[in-house]
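For reference, the structure is listed below as structure tokens.
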Amino acid sequence: MTDKLIIALDQGTTSSRAVLFNHDSEIVDVCQQEFTQHFPKPGWVEHDANEIWDTQFGVLQKLAANNQLHPDDVAAIGITNQRETVVVWNRNTGEPVSNAIVWQDRRTAGRCDELKADGWADKIQAKTGLVIDAYFSGTKLRWILDNVDGARAQAEAGELLCGTMDTWLIWKLTDGAVHATDTSNACRTMLFDINTGQWDDELLELMTVPRSMLPEVRDSAGDFGAVEFQGQQVPISGVAGDQQAALFGQTCFEPGMAKNTYGTGCFLLMNTGKERVDSQTGLLSTVAWRLNGELTYALEGSVFIAGAAVQWLRDELKIIEAAGDTEALANQANPESEVVVVPAFAGLGAPHWDQYARGAIFGLTRDSGRAEIAKATLQSLAYQTFDVLQAMQQDSGIELSTLNVDGGAIANDFLAQFQADVLQTPVTRPKVLESTALGAAYLAGLAVGYWTEADLARVREIDRQFEPVIEHREVAMLLKRWHKAVERSKDWIDTDD
């Protein structure tokens, strides 16, 4: 079977990709297509689920055509996805009742405040490991049922299905035969008890979500149906939310191992083993994956805006033409510049959890230009990672000896070096930065016997390790300036309006 290949479908926040891997974990080919971001109101973010399907299936077909793939060439397909984004569709017609509500969307912040005021915070955290925030899927589902004409009645009549993007793709790929998700996605809905590994009736009642809408929850490596390809069935055998997939792709199989993914958001996860670790610092306890019926847990710190801030430089400010331009610009910036960018466009995630914070630029002077703003934007990714890692080390009692990194943004050497400097800890970058897609491929391959866990640990290769080069005193000064800026960006939205 080693001469066969694995396909990973990576359904991200801004693009859909299909990645082809060989048995040595090398990328054979990648096909990618961006899709439309919809912003109907300030703080609202939506995707057209049909467009996501069209782009994801389109890149799968293109990958197959480019590489002249026959069904016998493919051992299995894995899926990884943006996690908390949720869609509701009609089980009979297959049509979504509305656009998908994206994880970045803040429209349900008021409902989250009501839940906190009603005393639900501790119970929800005890069951789900999550804090109450508009980030998660539960309040988004309730909003759709309450605000889309006819949706509530259809849901109660058993006519509607829901799911995160993995569930939507599985349902479409299997032509409606399989309505399922895995534990790593289910645990991000605020409807799933991570202690029992089951949907929770009390939380479903709280969010007024009928159980009939929900997908079956399965192991992360297992049977999710099959795709018909040239008249033959190719199994879908691995599913994980993007950040848990990246943790798996970085082979962080032992407690205390951690990774940070620099994608649209920035997400730091630490494997905590078979027992959940509850955070005292605003981090999340989450399911890493479930294999052979056994749960593995993780601590997670979520930074909402990372690569999306670079996209903002490109699309809104138009000071770069491509993301890669930021490295050269940052190196051109005035080294004495004190510009700080706080990219709280969707509020602040861990460990601050301020859904009313907003983005800001501080420290501008007359000579501040595009280079200084680009540099400060890259630095903000490293600063936010520092805040999360400090909290994670405090919760776990583990001091990391190195940080494993992945994601497109960390290909930027300026960012990777500054991250090592700020953490005062080595940063290890693998040769394959596509750890999210690789993790989905690994899970799919494990399920069909294509790889063993011993294989995975052996084939991972390191590209470069970045060592800290600036002194601790300078780091302390930079962090003091950053934290001052963060405090001034908090509570920007007036909730009395």
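The values are calculated or read from the model by the stated rules, or taken from the named source; none is laboratory data. Keep in mind it's a predicted model, so treat the numbers as computed, not measured. Backbone-built Cβ (ideal geometry, glycine too); neighbour counts: all protein chains shown.
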Next item on the list: Tell me which of these ALA333 doesn't satisfy, since it passes every other one: (1) more than 23 Å from GLN125 (Cα to Cα); (2) touching an Asp or Glu at 6+ places or on another chain (Cβ under 6 Å); (3) modelled with pLDDT under 95.
Entry: (3)
Checklist line | Subset of the range 290-307 (residues that are in a strand (DSSP E or B) and touching a residue at least 60 places away in the same chain (Cβ under 8 Å)) | finding: ARG290, LEU291, LEU295, TYR297, LEU299, GLY301, SER302, VAL303
Next item on the list: Answer yes or no as to whether ALA8 is in contact with a helix residue (DSSP H, G or I) (Cβ under 6 Å, 6 or more places away or on another chain) and over 19 Å from GLN243 (Cα atoms).
Entry: no
Notebook entry, point to check: Which residues, counting only those in the range 105-132, are touching a strand residue (DSSP E or B) at 6+ places or on another chain (Cβ under 8 Å) and part of a loop (DSSP other than H, G, I, E, B)?
Noted result: ASP105, ARG106, ARG107, GLY129, LEU130, VAL131
Notebook entry, point to check: Which residues, taken from the range 264-289, are small (Gly, Ala, Ser), part of a strand (DSSP E or B) and surrounded by 24 or more Cβ atoms within 10 Å (Cβ to Cβ)?
Noted result: ALA288
Note to self: With the structure loaded, tell me whether LEU456 is within 24 Å of ARG290 (Cβ to Cβ) and in contact with a Gly (Cβ under 6 Å, 6 or more places away or on another chain) or whether it fails that test.
What the structure shows: no
Next item on the list: Evaluate the range 389-399: report whether one residue or more is modelled with pLDDT of 85 or more, closer than 30 Å to ARG218 by Cβ and in contact with a His (Cβ under 9 Å, 6 or more places away or on another chain).
Entry: no
Next item on the list: Give the residue that is farthest from ASP73 (Cα to Cα), with candidates limited to residues of the range 1-17 that are surrounded by fewer than 19 Cβ atoms within 10 Å (Cβ to Cβ) and charged (D, E, K, R).
Entry: ASP3
Next item on the list: Just give me the residues in the range 18-27 being in contact with a helix residue (DSSP H, G or I) (Cβ under 9 Å, 6 or more places away or on another chain) and surrounded by fewer than 23 Cβ atoms within 10 Å (Cβ to Cβ), in sequence order.
Entry: HIS23, ASP24, GLU26, ILE27
Notebook entry, point to check: What is the one condition in (1) assigned to a helix (DSSP H, G or I); (2) in contact with a helix residue (DSSP H, G or I) (Cβ under 9 Å, 6 or more places away or on another chain); (3) more than 22 Å from ARG83 (Cβ to Cβ) that GLY158 does not satisfy?
Noted result: (1)
